[in-house]
1. Taking segment 464-491 as the region of interest, how many residues are without any contact (Cβ under 8 Å) to a residue 40 or more places away in the chain and either of a type in the set (S, T, N, Q) or assigned to a loop (DSSP other than H, G, I, E, B) (or both)?
2. Hey, could you check segment 184-203 for residues that are out of contact with any Cys (no Cβ under 8 Å at 6 or more places or on another chain) and of a type in the set (A, V, I, L, M, F, W, C) and say which is farthest from Met282 (Cα to Cα)?
3. I want to confirm something. Restricting to segment 231-284 and keeping residues that are closer than 22 Å to Ala325 by Cβ, surrounded by fewer than 24 Cβ atoms within 10 Å (Cβ to Cβ) and of a type in the set (S, T, N, Q), which single residue is modelled with the highest pLDDT?
4. Among (1) at pLDDT below 95; (2) assigned to a helix (DSSP H, G or I), which single condition is Gly451 missing?
5. Scan segment 40-56 residue by residue and report those that are within 25 Å of the chain's Cα centre (by Cα) and surrounded by fewer than 17 Cβ atoms within 10 Å (Cβ to Cβ).
6. Pull out all pairs, ordered by first then second residue, where Cβ-Cβ is under 9 Å, the residues are six or more apart or on different chains, the first lies in segment 417-430 and is more than 14 Å from Phe508 (Cβ to Cβ) and without any contact (Cβ under 8 Å) to a residue 40 or more places away in the chain, and the second is hydroxyl-bearing (Ser, Thr, Tyr) and assigned to a helix (DSSP H, G or I).
7. Please go through segment 483-529 and give me each residue that is at pLDDT 90 or above, closer than 29 Å to Val83 by Cα and β-branched (Val, Ile, Thr), ordered by number.
8. Within segment 185-204, which residues are among the charged types (D, E, K, R) and buried (at least 21 other Cβ atoms within 10 Å of the Cβ)?
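The values are calculated or read from the model by the stated rules, or taken from the named source; none is laboratory data. Being a predicted model, the structure only gives us computed values, none of them experimental. For neighbour counting, all protein chains shown are included, and Cβ atoms are generated from backbone atoms with ideal geometry for every residue, glycine included.
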Amino acid sequence: MEFVKPTIEYAELWPILVVFGAACLGVVVEAFLPRERRHLTQVILAGAGLVAALVGTVIVGTGLTSLGDGAARGLIGGEGTLVIDGPTVYLWGLVLVFAIGGVALFAERRLEGGVSAFSGQAAALPGTEAERQASARGLDHTEVYPLLMFAVGGMMLFPASNDLLTMFVALEVLSLPLYLLCGLARRRRLLSQEAALKYFLLGAFSSAFFLYGVALVYGFAGSMQFAEINEAVRNDVDNEAMLLIGMGMIAVGLLFKVGAAPFQSWTPDVYQGAPTAVTAFMAACTKVAAFGAMLRLFYVAFGSDRWSWQPMMWVVAILTMLVGAVLAIVQTDVKRMLAYSSVSHTGFVLTGVLGVQASSELAEGQVSSLVAVLFYLTTYGFSVVGAFAVVTLVRDSAGEATAFPRWAGLGRRSPLVAGAFAFFLLSMAGIPLTSGFVGKWAVFTVAMSAGAWPVVLVAIVASIAAVYFYIRHIRLMFFTEPEGDVAAVTRSSPLTSVTIGVCVLATFVLGIVPGPVLDLATNAGDFIR
């Protein structure tokens, strides 16, 4: 086999390099800077790195648009290990915007009396003297910032991957830091560590499925490159069983990462046990990156065999929406309710995946499946980050108060905060004049255009069920008399307040004037094949 000298297009890849560079500098800061000076340094370093990467993403996206021919750029290696096209740049922008909000929530210290929500000494056993001393000294883990940056780097690699091996590496790079972050909560340490362990074990199990599926698809196609896999799918009919089994196993790994049923069992436990700032970051960024990778894999590598994988997606989408909506109804904890809501929204996004893939196959004025999914991920990301940011503010003497009874009458005590949370819930329910309504309209429309009306029918039923538990919680906040101890809203620093404000504004604007963002997603074009 002849060796081909790899080429790296730094001009298009530098946003990823900035993120990984900031992550490595964060590790150096942890090694050499005194502990009392690390927090501010890490916050500035992570924030500056993300902002610089976001600016770079805009520059790269503008350069791609100026080409006017949809050409792929930013290739690594002669065969294109990474591909930076319009959808990739759009997904990068989403991940970076939500990650900036995540850094702001990570940096919040006023709510815990001058310390962050992260453990002072993660290695200490919960309830031991070592842990109490660490808390009394006001210690906290500033390693969370380089961990977040490494996760963001993996999330940027994931949808840009153009072969199966790179996609698996990106999956692990984004997952491993999240396993650690989930177990670093300052309060309810055992619950946090349990959540991290469940996430790690189930994640390792799904990664094994993904890797074995990669081996089977490689055995079928003789290559891991998406273009060559697609060519093999078009021409090879002798090993269809190997292709279908491999495709199914790879789908297991991706469906686990997006939290689709029946692979959603980790979602409520991890969302509840992890520090809420980590939950907000995961709920938005991980879903964006994982769906971006799923779209590229099934549209580019397996696009020629969509009649084989679409029935599977029909079943998974229907099951996911029903499981999420039904189980959310019986929850009595806000974070678990939002977790099952996230499962239901995964089903809605999968509904959009079933639509027509290429813009060239659509009539003028219609949007493609890719555009609908990108817009839905945008609307949902702002709503879920804002909702979890509000959850961090509602507290009692034991910390965050997530039990439903503690929220009773919150709208009378803190109408502004309760109103913001109600607005996010209404958006998730798909009520008109919110971004969620336009997002659901988009994914339902593209699914109907592809003939997936049974899935859309179930989606409408699930949306109606979701309206019930969202409105129930709004009623609890504004129209229910409190009984016993209730929670209060703690005054936060500008970091959390600005994050909530931006999310409210984005949710409102995208519901009233969605056109510019829809046009931006449309102008991103299709994946390079």
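1. Going through segment 464-491 one residue at a time, the tally reaches 0.
2. At the first step, the residues of segment 184-203 found to be out of contact with any Cys (no Cβ under 8 Å at 6 or more places or on another chain) are 184-191, 193-194, 197-198, 200-203.
Applying the additional criterion that residues be of a type in the set (A, V, I, L, M, F, W, C) yields 184-185, 190-191, 197, 200-202.
On the way: Leu184: 14, Ala185: 15, Leu190: 20, Leu191: 17, Leu197: 16, Phe200: 14, Leu201: 17, Leu202: 16 Å.
Per the criteria, the residue is Leu190.
3. Gln272
4. Answer for Gly451: the failing condition is (2).
5. We begin by selecting, within segment 40-56, every residue within 25 Å of the chain's Cα centre (by Cα); these are 42-56.
Selection gives Ile44, Ala48, Val51, Val55.
6. Close Cβ pairs satisfying both conditions: Gly430/Ser463.
7. Val517
8. Keep residues of segment 185-204 that are among the charged types (D, E, K, R), which gives 186-189, 194, 198.
If the condition is that a residue be among the charged types (D, E, K, R) and buried (at least 21 other Cβ atoms within 10 Å of the Cβ), then Arg186 is the only one that fits.
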